[in-house]
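> Mind looking over this structure? Questions follow.
The values are calculated or read from the model by the stated rules, or taken from the named source; none is laboratory data. The model shown is predicted, which means the values in this text are computed figures rather than measured ones. Neighbour counts are summed over all protein chains in view; Cβ atoms, including those assigned to glycine, are modelled from backbone coordinates with ideal geometry. Only protein heavy atoms, including side chains, enter the accessible area calculation; ligands, DNA and RNA are left aside. Shrake-Rupley method; radii C 1.70, N 1.55, O 1.52, S 1.80 Å.
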Amino acid sequence: NMAHMQHVLLRALQLAPLRVAALHKSTPKEEPDGAALAYAVEPDQIDLDAGDAKVRITLRIEPPYHINANDPGVSGPIPTSLELKNAGMVTMTVDYPPGHPLTAAYADEPINIYEGTVVLEATIRPGRERPDQSSPSPTLLLHYQACTDTQCLLPREVELPVTFGRGD
């Protein structure tokens, strides 16, 4: 019986660090729509026959949240990024502002973040060849993860309200 008691005690000691770590690690929660981030897109219609187009995406991050910068400076955090889906021959370059460092309770080193109002500027370049009429229209997606100083919400992917068309 003493051997069984020693085994139980040894097993409890082995599991203790895992249980303590689990208590300190918060489970990401789903963000209620608009709780952490609001956005505006200008212009909201892109004529792909008109040549290169500049698009401004203004992000308003609501306190107490911040979002990770496009270059968070460390591995692990989900970077804020724009993606052009179903792009076909259309390309996009994005000018991301630098973030500013934050030392958060959940990170060992400072993370570059965005807070308040941030503007992302994208340049959309149509391809020289016109896509087939059956090709899906491009979609502009915003990827981000909102956090407070103590925990992060689940990463989000948001389709931005931009319509891509041809001048005809």
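> Are there any trypsin sites (Lys or Arg not before Pro) in the stretch 63-168 that are in a DSSP loop and have at most 16 other Cβ atoms within 10 Å? List them by number. Please report the intermediate quantities before stating the final value.
Working: sites: K85, R128, R156, R166; in loops: R128, R166.
Counting only loop positions with at most 16 other Cβ atoms within 10 Å, the trypsin sites (Lys or Arg not before Pro) in the stretch 63-168 are R128, R166.
> On to the next question. Summarise the accessible area of the stretch 88-168 (1.4 Å probe, protein heavy atoms) by the percent that is carbon and sulfur. The partial results should precede the final answer.
Numbers: 2200 of 4590 Å².
It is 48 percent, rounded to a whole number.
> Around I78, which amide H atoms from residues at least 5 apart in sequence, or from another chain, sit under 5 Å from its own amide H, with H modelled in the peptide plane?
Excluding prolines and chain starts, which carry no amide H, there are no hits.
> Rounded to the nearest 10 Å², what accessible area does E121 have for a 1.4 Å probe in the complete protein model?
Accessible area, nearest 10 Å²: 80 Å².
> In addition: In what order, largest first, do C152, C147 sit by accessible area if the probe radius is 1.4 Å?
Values: C152 30, C147 0 Å².
If we order C152, C147 from most to least accessible, we get C152, C147.
> Using a probe radius of 1.4 Å on heavy atoms only, what accessible surface per residue do you get for the stretch 66-168? Whole Å² is fine. The partial results should precede the final answer.
Numbers: 5530 Å² over 103 residues.
I get 54 Å² per residue for the stretch 66-168.
> So for H143, H66, H100, what's the accessible-area order with a 1.4 Å probe, most first?
Numbers: H143 40, H66 0, H100 75 Å².
Largest to smallest exposure gives the sequence H100, H143, H66.
> Here's something else I'd like to know. Got a number for carbon plus sulfur as a percent of the stretch 47-86's accessible area, 1.4 Å probe?
Details: 960 of 2000 Å².
For the stretch 47-86, the apolar C and S fraction of the accessible surface comes to 48 percent.
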